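The values are calculated or read from the model by the stated rules, or taken from the named source; none is laboratory data. Worth saying up front: this structure is predicted, and the values here are computed from it rather than measured. Virtual Cβ from ideal backbone geometry, glycine too; neighbours counted across all protein chains shown.
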Amino acid sequence: MKTRILILTISVILFATTVYSQKTEATRLLEEQNKQFIPEIFQITENVHFAVGYEVSNIAMIEGETGIIIIDAGMSPVRMETLRLKFREITDKPIKGIIITHGHGDHFGGVQAFLDEGSNPQVWGRSGALGNNVGFNIEENAGKSAGLTYQNNRGARQAGVILPDSIHINNGIAPRPNKQNTMFNRKKGQAEFEPTHFFSGERKQINIDGIKFDLVAASGETYDNMYVWMPDQKILFCGDTFYKSFPNLYTIRGSQYRDVKSWYESIDKMVAEEPVYLLPGHTRPVIGKEKVNEILSNYSAAIKFVFDKTIEGMNKGLTPDQLVEYVKLPEHLASLPYLTEYYGRVDWGVRSIFNGYLGWFDGNPVNLNKLAPKSEAEKMAIMVGGKDKLRANALKAFKDEDFQWAAQLSDYLLALNINDKEIINLKADALFEIAKTMVTATGRNYMNSYAIQLKEKVGE
Ligand SMILES: [Zn+2]
């Protein structure tokens, strides 16, 4: 009898190991996206070079009459130094100008590597407005002026800073950053970086070292985003208004509302320029007038669809939970590889649009007086026949591979006892399993990081 039980136990363990170690479709798809980050310096035209995969974001070097102009400066001065030396194999002309497409640290964090050359370049950024904050890097400044810091913890989870190699594939639109050199250990004073020149209108043409650049207001991920258009060569640097993923209409690290309507309108402006070369802030370039037109048009259509459909549903009185069922990207758009949800997710965008216009109240009056989590958990436990029954249900849900339900039931049990070691472990294990099925790297990294932090809490 004992032998039979032993054999049964071993086969269950073997079966479980096989099931859980199988590579999911989501994992396979996200690994496939790593091809976007293979390091390469593209020579786009005679004087335009574009580096992909050296940094978290992409960096361009344009040769002017007597010097060079850099567009975007990566995230880490240490990694940027490697790329700067690569660029210096192409030319040793001094840096005359730097243009930063928007105030996210992965686009300006490495600027010191170029400034250290000492040629005193003009540095351009767009001055945007977000609440009381006006200028460059306003998203970060808005948090700072409120005294808010927790978004950094969430950002670190989303970026997978603590994740071991075995479960960190990439960041959806960016390679895994080298842990030693991220923006999380910026050089002293670097967070206070400010451009020397600001552009604040709709469009401004500047000339640096004999090269014409149109700086065009293009809010999307941030309110200080611009695109840079080289009219003579039909090259468009779009910052993070386009990259090969469904856009991050809402970032789960948390930020102020991202203006989804402005986002697709910005892309429509880009389409109207009729670019031949589309050089995004992340992922590989798109080349060819028709191809660029097709991709940008579909990208804009996808964002517009999500926006319009969400507003349509809101006007019917739907709540965010109902809206995520109501708004589904049509198959002809959802199936496009550059609209796969590697980085942003449609349903998160839908919730954000609702919240951006109507705030937290979903419209259901029941939610104006919600029970506190502990009170709800107590009632739930009584309803199912006691806390032990609730626990048994949570454990069974995990065994049945109903991992989301296992995690949700774990939350009830943790509301009853926040130090319940078995349930903390169960929740962590459920999150690990859910993460394997998520193609959206931000959410996947967040889940894995959170699960590791839960395990650390109980000393495992
Ligand atoms: Zn970026």
When you look at GLU274, is it in the same structural domain as HIS332 (by TED's automatic domain parsing) and at positive phi, yes or no? yes
Within the range 199-225, work out how many residues are in contact with an Asp or Glu (Cβ under 9 Å, 6 or more places away or on another chain), away from the ligand (no atom under 16 Å from the Cβ) and among the β-branched types (Val, Ile, Thr). 3
Which one of the conditions (1) away from the ligand (no atom under 16 Å from the Cβ); (2) surrounded by fewer than 22 Cβ atoms within 10 Å (Cβ to Cβ) does ILE95 fail to meet, given that it meets all the rest? (2)
Residue match in the range 141-154 (condition: among the polar types (S, T, N, Q), farther than 26 Å from ASP209 by Cβ and touching a Lys or Arg at 6+ places or on another chain (Cβ under 6 Å)): yes
So for the range 303-324 (the condition being in contact (Cβ under 8 Å) with a residue 60 or more places away in the chain and either within 16 Å of the ligand (Cβ to nearest atom) or not in a helix (DSSP H, G or I) (or both)), does at least one residue qualify? no
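Quick one: in the range 104-130, of everything that is among the aromatic types (Phe, Trp, Tyr) and more than 16 Å from the ligand (Cβ to nearest atom), which residue is modelled with the lowest pLDDT?
Top of the filtered list is PHE114.
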Is there a residue being over 22 Å from the mean Cα position of the chain (by Cα) and crowded, with 16+ Cβ neighbours inside 10 Å anywhere in the range 132-144? yes
The range 106-148: number of residues that are among the acidic types (Asp, Glu) and assigned to a helix (DSSP H, G or I): 3
The one condition THR251 fails out of (1) more than 28 Å from VAL161 (Cα to Cα); (2) within 16 Å of the ligand (Cβ to nearest atom) is (1)
So, first residue touching a residue at least 60 places away in the same chain (Cβ under 8 Å) in the range 385-396, second residue assigned to a loop (DSSP other than H, G, I, E, B), Cβ within less than 7 Å, six or more apart or across chains; the pairs are none
When you check ARG88 against the structure, is it of a type in the set (D, E, K, R), away from the ligand (no atom under 16 Å from the Cβ) and at negative phi, yes or no? yes
Considering only residues of the range 255-284 that are within 16 Å of the ligand (Cβ to nearest atom) and not hydrophobic (A, V, I, L, M, F, W, C), which is surrounded by the most Cβ atoms within 10 Å (Cβ to Cβ)? GLY281
Check ALA174, ALA142 and return the single one that is within 16 Å of the ligand (Cβ to nearest atom) and in contact (Cβ under 8 Å) with a residue 12 or more places away in the chain. ALA174
A careful count of residues in the range 234-285 that are under 21 Å from VAL346 (Cα atoms) and β-branched (Val, Ile, Thr) gives 6
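Against the definition (touching a Ser or Thr at 6+ places or on another chain (Cβ under 8 Å) and under 24 Å from MET438 (Cα atoms)), how does TYR338 come out, yes or no?
Yes: the conditions hold for TYR338.
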